[in-house]
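The values are calculated or read from the model by the stated rules, or taken from the named source; none is laboratory data. Since this is a predicted model, take the numbers as computed values, not measurements. FYI the Cβ positions are ideal-geometry reconstructions off the backbone, even for glycines, and counts take in every protein chain you see.
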Amino acid sequence: MGMDFLLRAAAPLNEGQWAELDHAVHDIVRRQVVGRRFLNLYGPLGPQVQVIPTDRSPGFDVGQVDMVGPLDDPVALAGRIYQKVPMLHKDFILYWRDLEESGHTGLPMDWSMAQAAAGFVARSEDNLILHGDDTFHIEGLTTVNGRHVLETQGWEAPSSAYQDVVDALAHLSSAGFYPPFTVVVGTRGFSLWHRLYGNSGVLEIDQIRKLADGGVYVTPLMPDETLLVLAAGPENMDIAVGIDVTVAFLESSAMNHAFRVLETLTLRIKRPGAICHFIKAVPVLQ
């Protein structure tokens, strides 16, 4: 069947225009998405994949030390769940007069409607990864059961963000997780971290980056004064991809042409204990 489900042969675009459209869409997604910058991709597995298993493995253990290596206490499933692989999509219209003008005058097409649709899909992807989706029973990095939930007092005080990250790394290390560690924060928190760290002459964010060898990532989808610190290796979590971001032709109506930016994917969290989630402490009423 190949890619026939995208109906590209029926679209009023030539090969060069399809190449331009694909490039425009992929460029927006590449620049906007955050989750897939630090999470491994598993796939693409194909458009037929609608459900995928996620194996939950033990949180902490040690290897055996002996002389003959008997079969003893192997790593086994702590549980297996089957997750839906939803489609994330946004439609857009190309107008027949624009196509005609481009074809007759040689002017390049304006793909801004497709780029806007791609941006909406990218935002949906990050939202799914961070917060999950109750409708499809998909748990996100900030919602999965079994993650470590810690309280922060906020980051108004100097060095407070650095100390939170230090505490998270100590917490994850004691739970049996090891570098590289990744930090994910919202835009306001990230801006607060751009201040001097003590009398060092170094910004606090630079000190945090020294600890987070998996990178520091910023997204407006993280609420203010919340923070994720995680061991994001594929043994702990990944993104299972059915169809990576692409464009399909839908139909022509009233002389104009409808297209769809789409992808199918889900977040697989194999070891929830690899996630440390800081939330703002609730003040105690006197």
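Points worth noting:
- Leu128 vs. criteria closer than 30 Å to Leu88 by Cα, modelled with pLDDT of 95 or more and outside any loop (DSSP other than H, G, I, E, B): yes
- No other residue among Ala24, Ala11 is in contact with a helix residue (DSSP H, G or I) (Cβ under 6 Å, 6 or more places away or on another chain), of a type outside the set (S, T, N, Q) and in contact (Cβ under 8 Å) with a residue 60 or more places away in the chain apart from Ala24.
- In the stretch 202-250, the residues that are within 20 Å of His277 (Cα to Cα) and among the β-branched types (Val, Ile, Thr): Ile205, Ile208, Val216, Val218, Thr219, Thr226, Val229, Ile239
- Members of the stretch 151-162 that are over 25 Å from the mean Cα position of the chain (by Cα), loosely packed, with under 15 Cβ neighbours inside 10 Å and not in a loop (DSSP other than H, G, I, E, B): none
- Scanning the stretch 212-230 for residues that are touching a Pro at 6+ places or on another chain (Cβ under 8 Å) and either outside the structural domain of Val165 (by TED's automatic domain parsing) or of a type in the set (Asp, Glu) (or both) yields one hit, Asp213.
- Within the stretch 91-103, the only residue that satisfies the criterion of being closer than 30 Å to Ala240 by Cβ and either surrounded by 18 or more Cβ atoms within 10 Å (Cβ to Cβ) or touching a His at 6+ places or on another chain (Cβ under 6 Å) (or both) is Phe92.
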